[in-house]
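See structure below.
The values are calculated or read from the model by the stated rules, or taken from the named source; none is laboratory data. Quick caveat: nothing in here was measured; it's all calculated off a predicted structure. All Cβ positions, even for glycine, are placed from backbone atoms using ideal geometry, and neighbour counts span all protein chains on display. Each accessible area value is taken on the protein alone, full model and side chains, heavy atoms only, with ligands, DNA and RNA left out. Shrake-Rupley method; radii C 1.70, N 1.55, O 1.52, S 1.80 Å.
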Amino acid sequence: MADPATPEPKGPSRLLHDRRWRAVIAQAAAFALVAALLACAGLNMARNLERAGIASGFGFLDQVAGFEISQTLIEYSRASTYARAFWVGLLNTLAVSAVCIAASTVLGFLLGLLRLSPNWLAARLAGVYVEVVRNVPLLLQILFWYIAVLNPLPPPRQALDLGGVAYLCNRGLVLPWPQWERGGLAVGLALAAGLALAWGFAAWARRRRVRTGRSLPVWRLGALLAALPPALAWALADARVEWSIPALSGFNFRGGGTVEPEFIALALALTLYTAGFIAENVRAGIQAVPRGQIEAAASLGLRPWRVMRLVVVPQAMRVIIPPLTSQHMTLVKNSSLAVVIGYPDLMSVFAGTTLNQTGQAVEIIAITMLVYLAVSIVISLIMNWYNDAMALKGR
Amino acid sequence: MPRTPSEDTPAISIRHLHKWYGAFHVLRDVNLTVARGEKVVVCGPSGSGKSTLIRCINRLEEHQKGTIVVDGIELTDNLKRIDRIRREVGMLFQDFNLFPHLTVLENCILAPVWVRRVPEKEAVQTAMHYLERVRIPDQADKYPGQLSGGQQQRVAIARCLCMNPRVMLFDEPTSALDPEMIKEVLDVMVDLAQTGMTMVCVTHEMGFARTVADRVVFMDGGEIIEENEPEAFFAAPQTARAREFLGQILSHGQQAAGA
Ligand SMILES: Nc1ncnc2c1ncn2[C@@H]1O[C@H](COP(=O)(O)OP(=O)(O)O)[C@@H](O)[C@H]1O
Ligand SMILES: [Mg+2]
């Protein structure tokens, strides 16, 4: 076996030249290095905290927060705990992220398709939009929407009247808000069930269309199906609701619900900014589908939008999804820029105010980092699952 | 023009066709009539406009002058007419263009279901029938990426046939194939010719032209230079350009025929 001209080295040096052993040794070395660094940092930190007299641990979460938060999706007052403040911030982050992910994805797809449209003007306008939005810093865009657009809005007394029930003014968008005496939960759940039912029905009707060639008035029947469960729940639960209608009283509106200007500005900026990037991903994805695919589909008699939906988009999705995932994750992280206009997101409430008041920097930063990490992981799991479903077989 | 496709209206009638790509004059006064059931082979050197010509017939390319009438319908900007013509005209491409995200069977039923609104069950039956005719019913549930080139091209033929077209256009259907796969595709095409399908076929497979074609059309520089029955065309080309072209093809084709 051994070549007499180059004898196998003996001893430990033999392991260093074996491909498999080398990999193991490299892994072990990297692990040891990371462990040493972490241990060093941990020891150093513990010593510093001790010297500064800061208690460590998560006990502070049960203490009274003592500060107000301007927008809360759940019950909160200055008497609530820091833990409660954490949840308020997290929910605000999730709310603005969810709205913006949905809106920017839809808008991004539209813009991406528009950029490729044969309509010269539409394509150019979409192109200009994408270039402008991608090349202006997001922070500037948030400030732009907040200061330049929402600030000049009139005070409540001169509010823009939207049909006599809703108003737009410098306090935000004031809307009628339902106040349930009873049955609110039942009707809400029934509405969700109705929407799910309608969605399932639409999917079934499409399969039936494909199977039998006969179509149904999907929109009308679907609307009926969606409306039926809440109506039933309403009757059964004998629901009582008072609509709180906003009315001007003194210098401000009484009643109704308010979507604050900070939310509107942040949501607009994040949506419009991210949509520009998504549009580029969509365009690249669609252009990656070979022309021959479109020609083959057209030559079979498929109409252009069917070609798009049945042939081009399903193939483009493979190319679109990975960058789309990272756009969604970036959006969630970018929502932390909320801090500049005072939208009370996780970053501003927890890693801002709470940290300043308690000084528990290590715990708070760790929790905040873990939360953003968890959100990113959830997004990427969902997208990976979707991507696997779209993957091409046999390639 | 009302559609009255009686038996003696030609399947395809092309009159004084001109096409430009920008300033480049690709098709110059092309006239071609294809009768029902007729098989026409189009040949000529690369870049002579063969693909462009047959792609005009189903409006993958737009012409600027002249008329094209397919199955009694004149091809204009009217989308309804374009739709009707595309439904009746099947096309085969050099690189197959199967839809990679769909199985073989799904490739075959896509257009019948979405264009002709055929019930899925019926479309599946039709598809299996044609997959048997192209001799790959056992591959129905595979994806195109799992098939050889020859198999893919045969699926593409079945996919066209599922739309029950009156005319089939072929753009060099075997030139992307390995030599051993060319025969399996040509055999299917010969079968198809025997069913009475109207076929316009761009190909340099002279053996196929000899056995199947009623007429050979020779193009060069965007013009039809010569038109004749296959035997006469191959035995005694009338023009110098055709002679030169055949000389090149045959010296190469002899080797291919031997393989
Ligand atoms: N989309 C296009 N734009 C500009 N020129 C083209 C285009 N498609 C083809 N051509 C040119 O038109 C001529 C004819 O092309 P084609 O019909 O593909 O020839 P063939 O199929 O006979 O090889 C060639 O010179 C080619 O370069
Ligand atoms: Mg060609």
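Here is how the numbers come out for the structure above:
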| read-out | value |
| --- | --- |
| Near pairs, Cβ below 6 angstrom, 6+ apart or cross-chain, from the range A:62-85 (closer than 22 Å to A:Glu363 by Cβ) to any residue that is open to solvent by 30 Å² or more (accessible area, probe 1.4 Å) and in a helix (DSSP H, G or I) | A:Phe67/A:Thr353; A:Tyr76/A:Arg84; A:Thr81/A:Asp62; A:Tyr82/A:Leu61; A:Ala83/A:Leu61 |
| Residues within the range A:153-171 that are within 24 Å of A:Gly342 (Cα to Cα), in contact with a strand residue (DSSP E or B) (Cβ under 8 Å, 6 or more places away or on another chain) and part of a loop (DSSP other than H, G, I, E, B), tallied | 5 |
| Test: residue in the range B:152-163 that is modelled with pLDDT of 95 or more and assigned to a loop (DSSP other than H, G, I, E, B) | yes |
| Residue check, A:Ala275 modelled with pLDDT of 95 or more, more than 14 Å from every other protein chain (Cβ to nearest Cβ), closer than 30 Å to A:Arg157 by Cβ and assigned to a helix (DSSP H, G or I) | no |
| Any hit, the range A:179-190, residues being open to solvent by less than 50 Å² (accessible area, probe 1.4 Å), of a type in the set (Val, Ile, Thr), touching a residue at least 12 places away in the same chain (Cβ under 8 Å) and touching a helix residue (DSSP H, G or I) at 6+ places or on another chain (Cβ under 7 Å) | yes |
| Residues of the range B:102-125 satisfying the condition of being surrounded by fewer than 17 Cβ atoms within 10 Å (Cβ to Cβ) and at the interface with chain A (Cβ under 7 Å from one of its Cβ atoms) | B:Arg117, B:Lys121 |
| Where a residue in the range B:165-183 is away from ligand 2 (no atom under 16 Å from the Cβ) and its partner, wherever it lies, is of a type in the set (Val, Ile, Thr), with Cβ under 6 Å and at least six apart | B:Pro165/B:Val89; B:Val167/B:Val89; B:Val167/B:Thr198; B:Ile182/B:Thr174 |
| Verdict on A:Pro176 being touching a Gly at 6+ places or on another chain (Cβ under 7 Å), modelled with pLDDT under 85 and surrounded by 15 or more Cβ atoms within 10 Å (Cβ to Cβ) | no |
| Some residue of the range B:189-201 being within 14 Å of chain A (Cβ to nearest Cβ), more than 30 Å from B:Gly66 (Cβ to Cβ) and away from ligand 1 (no atom under 16 Å from the Cβ) | no |
| In the range B:160-181, the residues that are of a type in the set (A, V, I, L, M, F, W, C), surrounded by fewer than 21 Cβ atoms within 10 Å (Cβ to Cβ) and within 16 Å of ligand 1 (Cβ to nearest atom) | B:Ala176 |
| Matching entry among B:Arg135, B:Arg86, B:Arg81 (being on the phi > 0 side of the Ramachandran plot and away from ligand 1 (no atom under 16 Å from the Cβ)) | B:Arg135 |
| Of all residues making up the range B:162-178, the number that are over 12 Å from the mean Cα position of the chain (by Cα) and within 12 Å of chain A (Cβ to nearest Cβ) | 4 |
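Okay, residues lined up against (1) within 11 Å of chain B (Cβ to nearest Cβ); (2) surrounded by 17 or more Cβ atoms within 10 Å (Cβ to Cβ); (3) in contact (Cβ under 8 Å) with a residue 24 or more places away in the chain; (4) more than 14 Å from B:Val115 (Cα to Cα):
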site	(1), (2), (3), (4)
A:Ala284	no, no, yes, yes
A:Gln287	no, no, yes, yes
A:Arg291	yes, no, no, yes
A:Leu302	yes, yes, no, no
A:Arg309	yes, no, no, no
A:Val312	yes, yes, yes, yes
A:Met317	yes, yes, yes, yes
A:Ile320	no, yes, yes, yes
A:Thr325	no, yes, yes, yes
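Table: residues versus (1) modelled with pLDDT of 95 or more; (2) within 16 Å of ligand 1 (Cβ to nearest atom); (3) surrounded by 16 or more Cβ atoms within 10 Å (Cβ to Cβ).
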residue: B:Arg3; (1), (2), (3): no, no, no
residue: B:Glu7; (1), (2), (3): no, no, no
residue: B:His16; (1), (2), (3): yes, no, no
residue: B:Leu27; (1), (2), (3): yes, yes, yes
residue: B:Leu32; (1), (2), (3): yes, yes, yes
residue: B:Val40; (1), (2), (3): yes, yes, yes
residue: B:Gly49; (1), (2), (3): yes, yes, yes
residue: B:Ile54; (1), (2), (3): yes, yes, yes
residue: B:Val69; (1), (2), (3): yes, no, yes
